[in-house]
1. Just to be sure, is residue 117 modelled with pLDDT of 95 or more, under 15 Å from the mean Cα position of the chain (by Cα) and among the polar types (S, T, N, Q)?
2. I'm checking my understanding of the structure. Among residues of the stretch 73-85 that are under 27 Å from residue 178 (Cβ atoms) and assigned to a helix (DSSP H, G or I), which one is nearest to the chain's Cα centre (by Cα)?
3. Identify the residue in the stretch 103-143 that is surrounded by 16 or more Cβ atoms within 10 Å (Cβ to Cβ) and charged (D, E, K, R) and, among all such residues, is farthest from residue 4 (Cα to Cα).
4. Does residue 93 satisfy the condition of being polar (S, T, N, Q), over 20 Å from residue 62 (Cα atoms) and touching an Asp or Glu at 6+ places or on another chain (Cβ under 9 Å)?
5. How about the stretch 86-177: which helices (runs of 4 or more DSSP H) wholly inside it have at least 1 residues that are without any contact (Cβ under 8 Å) to a residue 12 or more places away in the chain, polar (S, T, N, Q) and out of contact with any Ser or Thr (no Cβ under 9 Å at 6 or more places or on another chain)?
6. Would you mind telling me which numbered condition in (1) of a type outside the set (Ser, Thr, Tyr); (2) assigned to a loop (DSSP other than H, G, I, E, B); (3) touching a Cys at 6+ places or on another chain (Cβ under 9 Å) residue 46 fails?
7. Output the qualifying pairs, or none if there are none: Cβ atoms under 6 angstrom, residues six or more apart or on different chains, first residue in the stretch 190-217 and without any contact (Cβ under 8 Å) to a residue 12 or more places away in the chain, second residue crowded, with 19+ Cβ neighbours inside 10 Å.
8. Can you tell me which residue in the stretch 50-64 is farthest from the chain's Cα centre (by Cα), limited to those that are buried (at least 18 other Cβ atoms within 10 Å of the Cβ) and among the small types (Gly, Ala, Ser)?
Amino acid sequence: MAVTALVTGANRGIGLEVCAQLARAGLDVVLTARDPERAAAAVERLRDAGLSVRGEQLDVADPDSVSACAARLERAGVAVDVLVNNAGVYPTTPLLRLSEAEFTESIEVNLLGAFRTIQRFAPAMARRGYGRIVNVSSGGGAMTDHVPSPAGYGIAKAALNALTLVAAAALPPAVKVNAVCPGWVRTEMGGEAAPRSVAEGADTVVWLATLPEDGPTAGFFRDRARIPW
């Protein structure tokens, strides 16, 4: 049975690498991005590498965009079995100088984006008896080791971790929901000083996206090992 994975925020960085690794593993991949031209360029790049990938416009901060993307896929007969919530923004402004607009954007993209896609795609996974949902979070959202930080980003990722637990409890065991910290990765967001390659950052995401039937759910992982919430 062919398995289809949808990856948000996938035109570059970790999302693009996740698409490549999933396609190499034999999954049908739907690469999504807010900008349709960037999505198309990323799809062409992967196709040039011999990978089969479908591109779709999807802005997770826009409920109508999420619904429209899902409707297009349904009309095309594409059922999403694996959802990777990778789209994110990284505000670093300290709390007392953080604007409401900047904070709102972080919540919209980093938290509500995943909430919207889970609500839209998870029910069909439950009906079909198979699903994998991976929320790309961060150690910056962990509450047991330190205060979530930077403020706008860390709070949103802490809430994303909570959403992961709530979604795992709401869905049957056949739909596995986990969060992942990819670490500090050399991407446009992470910067050139980051110690981890994009391939290293994507590895645990892909592992969680392709878990076997007896794999974990409701967990937070880095390097394929559980880490504290």
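1. Criteria met by residue 117.
2. Residue satisfying both the conditions and the ranking: 73.
3. Only one residue fits best here, namely 105.
4. yes
5. It comes to 100-106, 113-128.
6. (2)
7. Here the result reads 194/185, each pair linking the stretch 190-217 to a residue that is crowded, with 19+ Cβ neighbours inside 10 Å.
8. 55
The values are calculated or read from the model by the stated rules, or taken from the named source; none is laboratory data. Please read these numbers as outputs of a predicted model, since none were measured by experiment. Reconstructed Cβ throughout: ideal geometry from the backbone, glycine too, with neighbour counts over all protein chains shown.
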